[in-house]
Amino acid sequence: MNSDLASIERVGGSLCLDFVNTRASHFDPEAREYLAGYADLVEWLGGCEGGLDARTAARLAAAARAHPRRAASAFAHARSVRDLLQRVFAARAHARAPAPADLDAFNREAAAALAHRRLAPGAHWHWYWDEDDALEQPLWQVLASAVELLQYGEPARLKQCPAPDGCGWLFHDASKNQTRRWCSMRMCGNGAKARRFQQRRRDASD
Ligand SMILES: [Zn+2]
């Protein structure tokens, strides 16, 4: 078990935003990547609410070991979609429409992913994925979450941890008065507070 993955904060409030936040900062081009490969992706998603159940995670991990080249290409694809989602949601957090090329790409990716969704009858019908061990399934789940958030998420509650003190992570602000400013106090809020405090002390002693 990769201990980094266990400790990574999931503060986005939805699967797609937590996936976007698997990079330490969206403002720093040198920022650390939390997911190094397909096995990390599966393990990380297994730890997410609404992510992968243990059986599916084990099946995908086994499929990846059997087909390492396909797993590497599924991981590269997932990472490029992550960057696309980052741009789409960052634009939305600032009340802007996505760039036309990003909108086209998102539509293509979402349509391809949702084409693998099937409905199963029951007391309440539910969605499932048509191929049990498709290596793309983690990405399909992330894209389904993104579509849902774009359709039903309240736009004013989608926020980005602000520059220059913050990290650019995206999150759903569920606070009562929509006053949440930072991805988390521990990651960014406390650092910004400390810097403001030091600045005030410097200003006072000038
Ligand atoms: Zn932050």
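The values are calculated or read from the model by the stated rules, or taken from the named source; none is laboratory data. In this text the structure is predicted, and so the values were computed from the model without any measurement. Every residue, glycine among them, receives a Cβ derived from its backbone with ideal geometry; neighbour counts consider all protein chains shown.
A quick yes/no check of all residues on (1) under 14 Å from V142 (Cβ atoms); (2) not acidic (D, E):
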| position | (1), (2) |
| --- | --- |
| H26 | no, yes |
| E33 | no, no |
| G37 | no, yes |
| W44 | yes, yes |
| L52 | yes, yes |
| A58 | no, yes |
| A71 | no, yes |
| A76 | no, yes |
**Asked** In the list S175, S80, S145, which residue meets the criterion of being of a type in the set (S, T, Y) and surrounded by 17 or more Cβ atoms within 10 Å (Cβ to Cβ)?
**Response** S145
**Prompt:** Among the residues of segment 26-41 satisfying the criterion of being within 23 Å of A90 (Cα to Cα) and buried (at least 19 other Cβ atoms within 10 Å of the Cβ), which is nearest to the ligand (Cβ to nearest atom)?
**Reply:** H26
**Request:** Name the single residue, out of those in segment 177-190 being near the ligand (Cβ under 9 Å from one of its atoms) and out of contact with any Gly (no Cβ under 8 Å at 6 or more places or on another chain), that is farthest from G12 (Cα to Cα).
**Result:** G189
**Message:** For segment 155-169: of the residues being more than 10 Å from the ligand (Cβ to nearest atom) and in contact with a strand residue (DSSP E or B) (Cβ under 7 Å, 6 or more places away or on another chain), which is farthest from A24 (Cα to Cα)?
**Reply:** R157
**Item:** Residues satisfying the stated conditions in segment 176-201, i.e. touching a residue at least 12 places away in the same chain (Cβ under 8 Å), within 25 Å of A146 (Cα to Cα) and either in a loop (DSSP other than H, G, I, E, B) or of a type outside the set (A, V, I, L, M, F, W, C) (or both)
**Value:** Q178, R180, R181, W182, C183, S184
**Request:** Quick one: which strands (runs of 3 or more DSSP E) lie wholly within segment 117-175 and hold at least 1 residues that are under 19 Å from G51 (Cα atoms)?
**Result:** 117-120, 126-129, 170-172
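Can you tell me which residue among A95, A6, A63, A78 is in contact (Cβ under 8 Å) with a residue 40 or more places away in the chain and within 12 Å of the chain's Cα centre (by Cα)?
Values: A95 fails: within 12 Å of the chain's Cα centre (by Cα); A6 fails: within 12 Å of the chain's Cα centre (by Cα); A63 fails: within 12 Å of the chain's Cα centre (by Cα).
Going through A95, A6, A63, A78 in turn, just one is in contact (Cβ under 8 Å) with a residue 40 or more places away in the chain and within 12 Å of the chain's Cα centre (by Cα): A78.
Could we say that V88 is within 16 Å of the ligand (Cβ to nearest atom), at pLDDT 95 or above and either among the hydrophobic types (A, V, I, L, M, F, W, C) or within 23 Å of Q160 (Cβ to Cβ) (or both) here?
Numbers: within 16 Å of the ligand (Cβ to nearest atom): no; at pLDDT 95 or above: yes; either among the hydrophobic types (A, V, I, L, M, F, W, C) or within 23 Å of Q160 (Cβ to Cβ) (or both): yes.
Criteria not met by V88.
I'd like to check something: does segment 131-145 contain any residue that is within 16 Å of the ligand (Cβ to nearest atom), over 20 Å from V81 (Cβ atoms) and in contact (Cβ under 8 Å) with a residue 24 or more places away in the chain? Working first, answer last.
Applying the first criterion (within 16 Å of the ligand (Cβ to nearest atom)) to segment 131-145 yields none.
No, segment 131-145 contains no residue that is within 16 Å of the ligand (Cβ to nearest atom), over 20 Å from V81 (Cβ atoms) and in contact (Cβ under 8 Å) with a residue 24 or more places away in the chain.
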**Prompt:** Which residue, of A105, A113, A174, is under 18 Å from the mean Cα position of the chain (by Cα), at pLDDT below 95 and more than 16 Å from the ligand (Cβ to nearest atom)?
**Reply:** A174
**Prompt:** Regarding V11, is this residue surrounded by 19 or more Cβ atoms within 10 Å (Cβ to Cβ) and part of a loop (DSSP other than H, G, I, E, B)?
**Reply:** yes
**Prompt:** surrounded by 14 or more Cβ atoms within 10 Å (Cβ to Cβ), outside any loop (DSSP other than H, G, I, E, B) and not β-branched (V, I, T): does that describe A111?
**Reply:** no
